[in-house]
Structures are given as structure tokens and as C-alpha cells.
Amino acid sequence: MESMKAWIGKSIVAIGVIHCMFGSIVFRKTLAELSREGFWNTVNGQPQREFTFWFIFFGVMAILLGLVIDWCERKFHELPSFLGWSLLALTVVFCTIMPISGGWLLLIPSLGAIVRRKRAEVIKL
């Protein structure tokens, strides 16, 4: 199979890093409060803290997902077909619920994974 550059996982890692950096800046006061009070059971029932937690947590999860996808791209040179379609479905749901967000950035790696898989299937024929 022709050599394809491993970029899908790296792009998701970049989105996760940007998400964490942006969250660390925008929510710095909330993160400072949490740091002062301790992290044990200081989030539940407080919407700003919950939002901050999930915002940062999503970024970290995106980084981990991106690292796994990058590993798959480099090791196997292709991705399973369900991955691109699942990412696209999650992205559509995300952007439908929160259209004013960075969720649109996930369209690029989602569609990239779908196109890459289709190309791999054509090459195998």
C-alpha cells in the first residue's frame, strides 16, 4: 500500500492540546479556586466548576484518543472503518448541540479517517 502520512491522530492531539490550553486560560480563576480548596469533591453541584472540569477532561481524552489513533496509523497504516464514521457521528451530535464551539475542528480528522479507509479499500481491490 502506498505510504500515507499519519496526520489524523496528530490533528486530534492538537485539538486536545488547544482545548486544554484554552480552558486553562479561560477558566484560570476556577482552576485556581479548585487548587486552593483541593480537588476532592469540590466540583459536584457547582455548574462553573463542572463545566471547567468537563472542558479540561475532554481535552485530555482527545489527546489520549489522538495518541492511540496516531499509533494505529503508524503501526497498521490504516484505521478501522467504524472509527471515522463514529467520530463523524459524534462530531455532528456535538456541533448540533453546541454549534458555537470548536467541535467543528473534529470534522477534518473524521472525514480524513473516512476518506483514508475508502482509499485503502480501493487499493486492496
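The values are calculated or read from the model by the stated rules, or taken from the named source; none is laboratory data. None of the values given here were measured: they were computed from a predicted structure. We place every Cβ from the backbone using ideal geometry, glycine too, and count neighbours over all the protein chains shown.
Residue pairs whose Cβ atoms lie under 7 Å apart, separated by 6 or more positions or on different chains, with the first residue in region 3-20 and more than 15 Å from Val115 (Cα to Cα) and the second aromatic (Phe, Trp, Tyr) and part of a helix (DSSP H, G or I), are His19/Phe58. On the stretch given as region 26-35, residues that are surrounded by 15 or more Cβ atoms within 10 Å (Cβ to Cβ) and under 23 Å from the mean Cα position of the chain (by Cα) total 3.
May I ask you to say which residue of Leu64, Leu87, Leu107 is surrounded by fewer than 18 Cβ atoms within 10 Å (Cβ to Cβ) and within 26 Å of Glu121 (Cβ to Cβ)? Of Leu64, Leu87, Leu107, the one residue that is surrounded by fewer than 18 Cβ atoms within 10 Å (Cβ to Cβ) and within 26 Å of Glu121 (Cβ to Cβ) is Leu107. Give the number of residues within region 1-25 that are exposed (fewer than 14 other Cβ atoms within 10 Å of the Cβ) and modelled with pLDDT of 95 or more. So the answer is 2. Selection of helices (runs of 4 or more DSSP H) fully inside region 1-112 by the criterion of at least 3 residues being charged (D, E, K, R) returns 28-37, 47-76. Looking at region 36-52, is at least one residue buried (at least 17 other Cβ atoms within 10 Å of the Cβ) and touching a residue at least 40 places away in the same chain (Cβ under 8 Å)? Scanning region 36-52, I find no residue that is buried (at least 17 other Cβ atoms within 10 Å of the Cβ) and touching a residue at least 40 places away in the same chain (Cβ under 8 Å), so the answer is no.
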